[in-house]
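Here's the structure we're looking at; comments come further down.
The values are calculated or read from the model by the stated rules, or taken from the named source; none is laboratory data. Since we're looking at a predicted model, the values are computed, not measured. Glycine also receives a Cβ, built like all others from the backbone with ideal geometry; neighbour counts cover every protein chain displayed.
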Amino acid sequence: MTSHTRVVRTLALWSSVAAMLWFAGTSRAQELHGEALVKALQKGGYVLVMRHASSPREVPDKQTANIDNSEPERQLDESGRKSAVAMGKALRDLGIPISAATNTIVVTHLPNIAAAFPQLASGLPDGEALMFAPDGKGQAILAARVKIEEWPAMHF
């Protein structure tokens, strides 16, 4: 791994942690579903904190890791790759923008989510996203929970 890659990964990790800590004092709102959820995301202003999609539970050894996985890390398995691609396609097809100025997606592991949102992490399956919105008072509210397999089923 190059020093540049390490710096980028470190910055990404700390950005994720900062976002989660900022949202740690969240409250619950009436959750959005269906067309209301899609329309809200199309307007932007949300942060989705997502547990990464399905992956093997064990870190691969050097012999079984993908050749590009030079420092063996858990990578998405076939199911995880398929569901992540389907989610990305659904976001595109629904016209849901993802960027720092619109909606932001933070993908992380369950222990990080549990540390930041202990009241929301219980039973959080692989790929589920917690969607937060600002409450106008300096806090965030939980606006929706969306499982990764639900994205492709949204049609509005």
Exercise for the section: Identify, by number, the condition in (1) modelled with pLDDT of 85 or more; (2) surrounded by 15 or more Cβ atoms within 10 Å (Cβ to Cβ) that LYS43 doesn't meet. Expected result: (2)
Practice task
Scan the range 86-108 and give yes if some residue there is in a loop (DSSP other than H, G, I, E, B), closer than 16 Å to MET131 by Cα and at pLDDT below 85, otherwise no.
Solution key: no
Exercise for the section: May I ask you to list the residues in the range 83-138 that are surrounded by 18 or more Cβ atoms within 10 Å (Cβ to Cβ) and at positive phi? Expected result: GLY127
Fill in the blank from the handout: Among (1) touching a residue at least 12 places away in the same chain (Cβ under 8 Å); (2) within 17 Å of LEU32 (Cβ to Cβ); (3) not acidic (Asp, Glu), ALA86 falls short only on (2)
Problem - Flag if ILE141 is more than 24 Å from GLY34 (Cα to Cα) and not in a loop (DSSP other than H, G, I, E, B) - result: no
Problem - Failed item, numbered, when LEU110 is tested on (1) closer than 20 Å to LEU76 by Cα; (2) touching a residue at least 60 places away in the same chain (Cβ under 8 Å) - result: (2)
